[in-house]
Each structure stands twice: as structure tokens, then as C-alpha cells.
Amino acid sequence: MEKKQSNKTALRENKGVSKQKTTSKEAISNLKKNRQKILSTDELLKGILQRNTAALSRSITLIESQNEAHKSKASTLIEKSLEHTKPSIRIGITGVPGVGKSTFIEALGTYLTKLGSRVAVLAVDPSSSLTKGSVLGDKTRMYSLVNNPNAFIRPSAAGNTLGGVARRTRETISLCEAAAYDVILIETVGVGQSETAVHNMVDFFLLLKLPGAGDELQGIKRGIIELADAIVINKADGNTVKSAKLAQQEFKRALHLYPLRYSNWTPKVLLCSALENKGIENCWKLIQDYIKQVKKEGYFIKKRQEQSILCLKQALENQLKEQFFNTPLMHKELETQTRLIKLNKRSPFAAAEHLINVYKTCS
Ligand code: GDP
């Protein structure tokens, strides 16, 4: 007679159970097929217009691709999406690492979604391809926003040139506007030219600062004050409230020294604690005041148009340069001219003129 097997032994084998439908071969192959299905630009656009975040993410991935076929598909998609873009407010947020950008975006984004807005968070950080996107737009630091159905977070576009990253971010903004995101927050870090690039693509530019001692203004780049529509002193909580208020006074005084802007807007200085969710409402109110003012004066649309024209000129410059330097004949010619300049047989200007003439005849 067979000995009854004990239930406790690890060697006991259960009787096989029938496979559930969801794990059948057929279901798995369907799943794979769907996942790998290449969507046409019309299908992607349809998904975007239906506010489908998977379609939006896939479209952004297409924009970021270096593959030539993808590039042309992405360009068609952008063109098609333009007529569907909905009104939005684009806000740039900058500040040194550790100032609290992610915490601030998390607080502002959550506040806005509670008001019924849909919020997209993008980032511009050309160095993030080296640091694998850990500096900015890091989803893991925006715990509640990342799970919020009315928020869409996309880390910085890959690429090691600022021009490339900025272009992809601009195109991503268009897609987010077609997907009807009301507020687009673009985060950048206070290094290099990234701030200028972001300033050139947003309606409102916000500089986050830390409460500091009396030398607050010394470490700040003059250029950045000129770009900022508001300076928000974060971490105004606990022991730092007093120094935050001092910094606020100093910035207010300093801002008076700058000439009035074309937009007639005088930059404001606010205090906030992103961590404790204090002052966020005021920041939003300020942004709304600004938007109301510049819309009334016709500056809102004018600024967007100027930004697009500037973008056109920069794109043109980049493409012309790229074409010039990628022409094999120009490599040779450039070498010859370089040699002549070194031998003092030709001036750099004459060499440039000669090179342009050669390029014109060969292109
Ligand atoms: P980022 O590098 O500019 O994105 O800064 P993070 O948002 O990652 O914040 C850096 C650190 O500052 C984190 O430990 C945050 O918890 C902390 N932090 C951010 N905002 C505040 C604030 O308002 N008050 C205080 N006390 N700490 C904050």
C-alpha cells in the first residue's frame, strides 16, 4: 500500500492545475503583439488627443530617437499636433541642486491638480545623460505626483548637447499641449546655459533660492535675476524663517535696481516651504496675476511668438552648421585654410569667405 505523503515536506508535488486564460500562450502572444505594435502617427495623435499617457510617452520617445525614420515620423506628428494644442501656462523652475525644486514641483503640482488642472512636468538637463537622469525630473522624488492621474512626469530628454535637449523639450511641450495639460512645469538646474534655454520656452520663469546670510546676493549670477519673473525663497520654515525674511528684503531691494521690463512686470520675491506646503498658494496666485497682466497687455502672445522665431533662427543656425561641417569637401578645404592661416598667408576672414564660396558651389 502506498504510504501517505506528508503535507509538510518540501518535496511534495501538488497536482497540476489548469492554466488560467490570462497566462495562456495565446494571451501572452497577444500581449507581446500589442506591446510591439508600431503605431502610425495618426494612431499616436489620436491617443494623445484622447489624453492617453501611454500614447504620449511613446510619442515623446519617438521625438527623442536618433533613428532617421523615427525623426521624420516625429516631425510629422509634431506638425499634425500643432493645430490641436490647447491653451496652457508654461512655467520654468530653476535653482541650485538641493534648493528644493522637486519638492516644490511636487507641492505645486499636487495643489494644481486639486484645483482641477492637469499638470505636466518636464526637465531640461543636458548633463543627465551622463548622470542617467538622476539630477532632474526624477520620478522617485515626486512620490505623490507620480501616482496622480492628472499629472504626467517626463525626465530630461537624452542628449549631450543643450540644443538637442532643448529642441526635444520644446516638441514635448507641443505634444503635452495637444494632450490638454493646463500647466507645464519645466525644471532645470542653475548651471551653464540651460536656464536661458528654458527661459526661452516658458511664459513665467521662477528662481528658487535658499534662505541665506547677508552675502545672499554675492553668489548669484546677475543674468539669472534678469531672467526671473519671481524669486521664491524656499525652506522658510523652522529656524530659517528669520534668515529667509532677511533674504527676501535683500532681493526686493536688489530688484529695484533693475530697469523695468518690456512686460511692465516687476519681479516679486516670495517665501515658501515646499516641504510644509506653505506659501504654494501664494506662488500660484502670483503666477496667475502675471499671466492676467501680460495677457491684458498683449505681451503673452507676443512673447510666445518671439520665442518661436528665436527658436527658428537657432534651429536654422544649427542645421546650417551641421550641414557645412558634415560635407566631406569642406573638411578638406577647412584643413587647407587652417594651414594657410597658421603660415600667415591668409587672414581668418578671407578664409571664411573662401570656404563659404566653396560651400555655395558644392551644395
Ligand atoms: P532639488 O535638488 O532642488 O530638486 O531639491 P529636493 O527637492 O530634492 O530637496 C532637497 C532636500 O531639501 C530634500 O531633503 C528635501 O526634503 C529638502 N527640502 C525641500 N524643500 C524644503 C523645505 O521647504 N523645507 C525644508 N526644511 N527642507 C526642504
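Numbers at a glance
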read-out	value
Where LEU108 falls short, out of the listed (1) at pLDDT below 95; (2) within 14 Å of the ligand (Cβ to nearest atom); (3) within 17 Å of the chain's Cα centre (by Cα)	(1)
Residue within segment 228-236 that is more than 20 Å from ALA107 (Cβ to Cβ) and over 26 Å from the mean Cα position of the chain (by Cα) present	no
Segment 220-240, subset more than 16 Å from the ligand (Cβ to nearest atom) and in a loop (DSSP other than H, G, I, E, B), residue modelled with the highest pLDDT	ASP229
Residue ID - nearest to the chain's Cα centre (by Cα), chosen from residues in segment 111-126 that are outside any strand (DSSP E or B) and among the small types (Gly, Ala, Ser)	SER117
Residues of segment 278-311 that turn out to be over 20 Å from LEU207 (Cβ atoms) and within 16 Å of the ligand (Cβ to nearest atom), as a count	0
The one condition in (1) surrounded by fewer than 23 Cβ atoms within 10 Å (Cβ to Cβ); (2) more than 23 Å from TRP265 (Cβ to Cβ); (3) of a type outside the set (Asp, Glu) that ALA157 fails to fulfil	(1)
Candidate set from segment 191-208 (those that are touching an Asp or Glu at 6+ places or on another chain (Cβ under 8 Å) and at pLDDT 90 or above); member that is surrounded by the fewest Cβ atoms within 10 Å (Cβ to Cβ)	PHE204
Single unsatisfied condition, ALA54 versus (1) surrounded by fewer than 19 Cβ atoms within 10 Å (Cβ to Cβ); (2) at pLDDT 90 or above; (3) within 16 Å of the chain's Cα centre (by Cα); (4) of a type outside the set (Asp, Glu)	(3)
Members of segment 69-97 that are within 16 Å of the ligand (Cβ to nearest atom) and in a strand (DSSP E or B)	ILE91, GLY92, ILE93, THR94
Filter pass, THR103 being at pLDDT 85 or above and within 9 Å of the ligand (Cβ to nearest atom)	yes
Where TRP265 falls short, out of the listed (1) under 17 Å from HIS199 (Cα atoms); (2) within 16 Å of the ligand (Cβ to nearest atom); (3) among the hydrophobic types (A, V, I, L, M, F, W, C)	(2)
Which listed residue, of GLU64, GLU43, is more than 16 Å from the ligand (Cβ to nearest atom) and exposed (fewer than 14 other Cβ atoms within 10 Å of the Cβ)	GLU43
Restricting segment 339-351 to residues that are in a helix (DSSP H, G or I) and out of contact with any helix residue (DSSP H, G or I) (no Cβ under 8 Å at 6 or more places or on another chain), the residue that is surrounded by the most Cβ atoms within 10 Å (Cβ to Cβ)	ALA350
Subset of segment 172-202 [under 23 Å from LEU112 (Cα atoms) and acidic (Asp, Glu)]	GLU177, ASP182, GLU187
For SER273: the one exception among (1) crowded, with 18+ Cβ neighbours inside 10 Å; (2) away from the ligand (no atom under 16 Å from the Cβ); (3) closer than 27 Å to GLU106 by Cβ	(2)
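The values are calculated or read from the model by the stated rules, or taken from the named source; none is laboratory data. Note that the coordinates shown come from a computational prediction; the quantities given were computed from them, not determined experimentally. We place every Cβ from the backbone using ideal geometry, glycine too, and count neighbours over all the protein chains shown.
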